[in-house]
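S.K.: Got a structure for you, written out below as C-alpha cells; questions coming shortly.
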Amino acid sequence: MRIDLDKYDLLSFDIFDTLLLRALANPIDLFSIVWEQAIKEDINLTDISPMEFMKLRVEMERRARNKAVKREVNLDEIYNEIPNYIVKNIEQLKRLEVEAEKEYCYQNFDIYNLVQEAKNAGKIVILLSDMYLSSRQITAILAHNQIEVSLFDAIIVSNERLCSKQNGELYQKLLLR
C-alpha cells in the first residue's frame, strides 16, 4: 500500500475490519464461540445452543442501543440486558467475549505497516472506532495481536465519548482531541 504521507499531518484508522481483521465469516459468529466457552467453563445456567446465544447476544445489543439513542453503547450496557437465568457470572461472560476477540482477530499487515510508516514520518496516528468495547479492552486485543499500542497518539472509542461516527460527532472529537 503506497500513500503519499507528506500530504497528511494526521491519519486515523478504524480498528475492526481495518487494523484488525476477524477470522470469522461474520462478526456475530464470535458470540456462538463465546457461548461454547461458557459451557466449557460451566458458567451457563440454561441449556441454550451456541446459535441461540448468538441470537440472544444480538438482541441484547439491539435493546441496549434502543435505550441509548444516538450514542454507542458499551459492553456493560449490552450485558445488562441479559436475563439473569442465562449465566452464573456476567463478568466472566464479558471476559470470554473479550478473550474471543483476542483469539479471532488478527493484524492487517498492510494497515499496520502503514501505521508504522506514518509514525516513522512523524505523523499523528489515531485509532477511531464506533465500538462497544472500551479503549482498555481494545488495547488488550491489539497487544495480543502484536500491535505496538504506543504507536498511536490516541485511541478514541465512541462509547467512551458518548457519540458516534454516524452523525459525525466522533470525527469532531478527533479534531478536538
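The values are calculated or read from the model by the stated rules, or taken from the named source; none is laboratory data. A quick note: this is a predicted structure, and the numbers were derived from the prediction, not measured. Heads up, the Cβs are rebuilt from the backbone with ideal geometry, glycines too, and the neighbour counts pull from every protein chain shown. Heads up: the accessible areas ignore ligands, DNA and RNA and are worked out on the full protein's heavy atoms, side chains in. Shrake-Rupley method; radii C 1.70, N 1.55, O 1.52, S 1.80 Å.
S.K.: So, in segment 1-18, how many residues would count as being assigned to a loop (DSSP other than H, G, I, E, B), in contact with a Leu (Cβ under 7 Å, 6 or more places away or on another chain), under 30 Å from Met60 (Cβ atoms) and not charged (D, E, K, R)?
M.R.: Matching residues across segment 1-18 total 1.
S.K.: Sort out which residues of segment 44-57 are more than 19 Å from Asn84 (Cβ to Cβ) and either in a helix (DSSP H, G or I) or β-branched (Val, Ile, Thr) (or both), and write them in order of number.
M.R.: Pro50, Met51, Met54
S.K.: Mind telling me which of the residues Leu93, Leu114 ends up being of a type outside the set (S, T, N, Q) and buried (at least 20 other Cβ atoms within 10 Å of the Cβ)?
M.R.: It is Leu93.
S.K.: While we're on this one: Condition first: closer than 14 Å to Arg95 by Cβ and open to solvent by less than 40 Å² (accessible area, probe 1.4 Å). Now tell me which residues in segment 36-48 satisfy that.
M.R.: Ala38, Ile43
S.K.: Please enumerate the residues belonging to segment 161-177 that are open to solvent by less than 100 Å² (accessible area, probe 1.4 Å) and of a type in the set (D, E, K, R).
M.R.: Arg161, Lys165, Glu169, Lys173
A quick yes/no check of all residues on (1) at pLDDT 95 or above; (2) open to solvent by 30 Å² or more (accessible area, probe 1.4 Å); (3) out of contact with any Ser or Thr (no Cβ under 7 Å at 6 or more places or on another chain); (4) closer than 17 Å to Ile78 by Cβ:
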{"position": "Arg2", "(1), (2), (3), (4)": "no, yes, yes, no"}
{"position": "Tyr8", "(1), (2), (3), (4)": "no, yes, yes, no"}
{"position": "Ser12", "(1), (2), (3), (4)": "no, yes, yes, no"}
{"position": "Leu19", "(1), (2), (3), (4)": "yes, no, yes, no"}
{"position": "Arg22", "(1), (2), (3), (4)": "yes, yes, yes, no"}
{"position": "Pro50", "(1), (2), (3), (4)": "yes, yes, no, no"}
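S.K.: Here is a further query. Among the residues of segment 24-35, which ones are of a type outside the set (Ser, Thr, Tyr) and either surrounded by 14 or more Cβ atoms within 10 Å (Cβ to Cβ) or touching a strand residue (DSSP E or B) at 6+ places or on another chain (Cβ under 9 Å) (or both)?
M.R.: Leu24, Pro27, Asp29, Leu30, Phe31, Ile33, Val34, Trp35
S.K.: Residues in segment 72-89: is at least one among the charged types (D, E, K, R), under 15 Å from Val34 (Cα atoms), at pLDDT below 95 and open to solvent by 70 Å² or more (accessible area, probe 1.4 Å)?
M.R.: Within segment 72-89, one or more residues are among the charged types (D, E, K, R), under 15 Å from Val34 (Cα atoms), at pLDDT below 95 and open to solvent by 70 Å² or more (accessible area, probe 1.4 Å).
S.K.: Does Val157 satisfy being more than 17 Å from the chain's Cα centre (by Cα) and open to solvent by less than 10 Å² (accessible area, probe 1.4 Å)?
M.R.: No, not satisfied.
S.K.: Which condition breaks for Glu61 when tested against (1) over 17 Å from the mean Cα position of the chain (by Cα); (2) within 30 Å of Ile126 (Cα to Cα); (3) surrounded by 13 or more Cβ atoms within 10 Å (Cβ to Cβ)?
M.R.: Going through (1) over 17 Å from the mean Cα position of the chain (by Cα); (2) within 30 Å of Ile126 (Cα to Cα); (3) surrounded by 13 or more Cβ atoms within 10 Å (Cβ to Cβ) one by one, Glu61 breaks only (1).
S.K.: Out of all the residues in segment 28-43, is one or more small (Gly, Ala, Ser), over 16 Å from the mean Cα position of the chain (by Cα) and in a helix (DSSP H, G or I)?
M.R.: Looking for residues that are small (Gly, Ala, Ser), over 16 Å from the mean Cα position of the chain (by Cα) and in a helix (DSSP H, G or I), one finds at least one in segment 28-43, hence yes.
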